[in-house]
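Accompanying notes for the structure given below.
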Amino acid sequence: MKKTSLKKAIVLGGIAAIFLIVVVVSYIANQRNKSYRSRASYHPGCCGCHMKANAATGACDVADASCTEGCPDCNAKTFKGAVVAPVIVKPEADMTVKCDYGADIDCVSVTGGGLTNCTYRYLEGTSAVFACKAPKNAGTYTSIQCVTSAGTAQKCCAGSNPVGPYTVFTANPHYQQRMKLPKGPYLLSAKVHSIISKGVGTAVNLICAESTCSAGCPAGEATCVTGQKYAENDVIASIAFPESGEFVNKSSSIIIPEDGNNKNYAVQIVVADGSEALIDNVHLMGGTTDYIVNGEFANIAPGTASYNQPDAWGVGNNQLGFYYGMLANTIPSLFPPAPPPVVPPGSSSSAPGGGPIGNVTVSLKVKLQGVTKKPNKSDPIKVKVKLGGSQLPEATAYQTATLSVSDDGVWSGDATFNSVPTGAGFIVYVKGPKHLQKKICDTSPSEGSGGTYHCSTGKITLQAGANTLDFSKILLLVGDLPESNGNQNGIVDSYDTSFIRQNLSSTDPSKLAIGDLNYDGIIDGQDFSLVLASLSIKYDEE
């Protein structure tokens, strides 16, 4: 009896021990399972608890039907930034785009912005570097995208991120105005005298100014194609102006359909290298609304011009409107130089009606093109100032004024002239260190848009001592850059545009002293745009 009880006790103890071992082993296995399951989200091919870990290997190989936890089916990539270089290029030039997602990923590409043949080249830090080809159409492109695609080994989430803008330029100066056009009919028109026509000559275009546009022409209109889709900077309609002996009016009808409604378009004047043209007016009419808002190309009232030209553009060199292309005065007979006043022998050194001789100080306030507030580089600048007008037989020698800038971007300083007649009828000429000379006839002149103030007859009165002249409501146009010897040649030419283009992105102080036109501490696309804008004036005013 005792032996039987003992055997039973041993058996029961053994069963209990085995049961305990099984429980412990099951607990350990369960913990391993949990451990591998918690690691599943980091295991390649596993996502949270949707995959069950194999107890032996830890591999995620069996779907866990009991789990209801949600998880994404792709891996989102964090966009760190992008760079396009250079920011100003020639048509069809080589370019580089860098897309930074913080790691080496297998799903990134580059699209849009008119770029072609974008090919992955190498990894720079965490940036994927692509070599691309710029488009042939001139203009500013804003729609480049760094794109991540689904379906690769790294299971990226699909998405896109914008890259900064860049500009394709030609040697031609362009006037361009961007506008948002609602659907409906439009009439693009212009009055142009094409003096010299080389290459493609002169044209007024309507172009697409965003990634895609839609537009068409009425039946029979030859200047554009009906119902066509356009990419950024594609020409939708073009009015050509062959060489002619007078001003010619031309127009083109355009229709913006529903799928082009409220997209961005632009009107552009293009003049090929070697060509010259005078622009009277340009309009884009939608019903009674003119979408060209720049006063330089608005309708103008009849004036007293003796040539078949834009009337009432003012006087002096500007009476023929604006030059484009080579921008040279090829009709010098239209700009006869004014003869200097004749002072009879033995007469007073002052002009008739002039006041006594005295020392005159002019306290100037001027505004520089491209500087709207106190710039990063705000050191004083030196400008040259001279006097002319009816009081003087010829202009005075230049005097140097040192100007300092205030928070509102206005530069102020003094220039002194010794032994000059006082009185009315003076003209003041101001030439900045990187600027075209400005001829100013009024004490407080103003203009509707930069560079449009022009004058012929002096109306400034100067007295002995201090004289305050506020020229801050007109702009001194940039573009006549100093050469290495400090001299300026009085013209915006290939030296000026080439210097900016060849030194883009430079912060070298010696380069900035010449080419940093807006004084922001770097030579960049803004400086290049400023010098191109000045091509519509081109020369020092005398």
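A short reminder: the numbers here are calculations on the coordinates, not readings from a lab. Not measured: the values here are computed from a predicted model. Neighbour counts run over all protein chains shown; Cβ positions are idealised from the backbone, glycine included.
Cross-link partners of residue 136 among aspartates and glutamates, defined as those whose alpha carbon lies under 18 angstrom from its own and excluding same-chain residues fewer than eight positions apart: 92, 94, 210, 232, 234, 273.
Annotation: extensible slack from residue 290 through residue 379 equals 27.8 nm (criterion: 0.36 nm per residue apart, minus Cα-Cα distance). Determine the alpha carbon to alpha carbon distance for each of 367/431; 90/382; 133/434; 373/459 and list only those over 23 Å. Flagged as over cut-off: 90/382; 133/434; 373/459. Between residue 409 and 374, the built amide H atoms are under 5 Å apart, and every one of these is 5 or more places off in sequence or on another chain. Which translational diffusion coefficient, to the nearest whole µm²/s, is obtained for the range 357-536 from the Stokes-Einstein equation, given a Kirkwood hydrodynamic radius over C-alpha pairs, 37 °C and 0.692 mPa s? The diffusion coefficient I find is 197 µm²/s. Annotation: amide H-H contacts under 5 Å for residue 101 (H modelled 1.01 Å from N, sequence separation of 5 or more, or interchain): 80, 128. The phi torsions of the range 125-142, fed into the Karplus equation with coefficients 6.51, -1.76 and 1.60 and a -60° offset, translate into couplings of x, 10, 9, 7, 9, 10, 9, 10, 10, 6, x, 8, 7, 6, x, 9, 10, 10 Hz, rounded to whole numbers, with Gly and Pro shown as x. Taking a ≥ b ≥ c as the square roots of the Cα gyration tensor eigenvalues, the range 81-168 comes out prolate, since a/c reaches at least 1.5 and a/b is larger than b/c. Given R0 = 51 Å, the distance between the Cβ atoms of residue 251 and residue 520 translates into a calculated FRET efficiency of 0.80.
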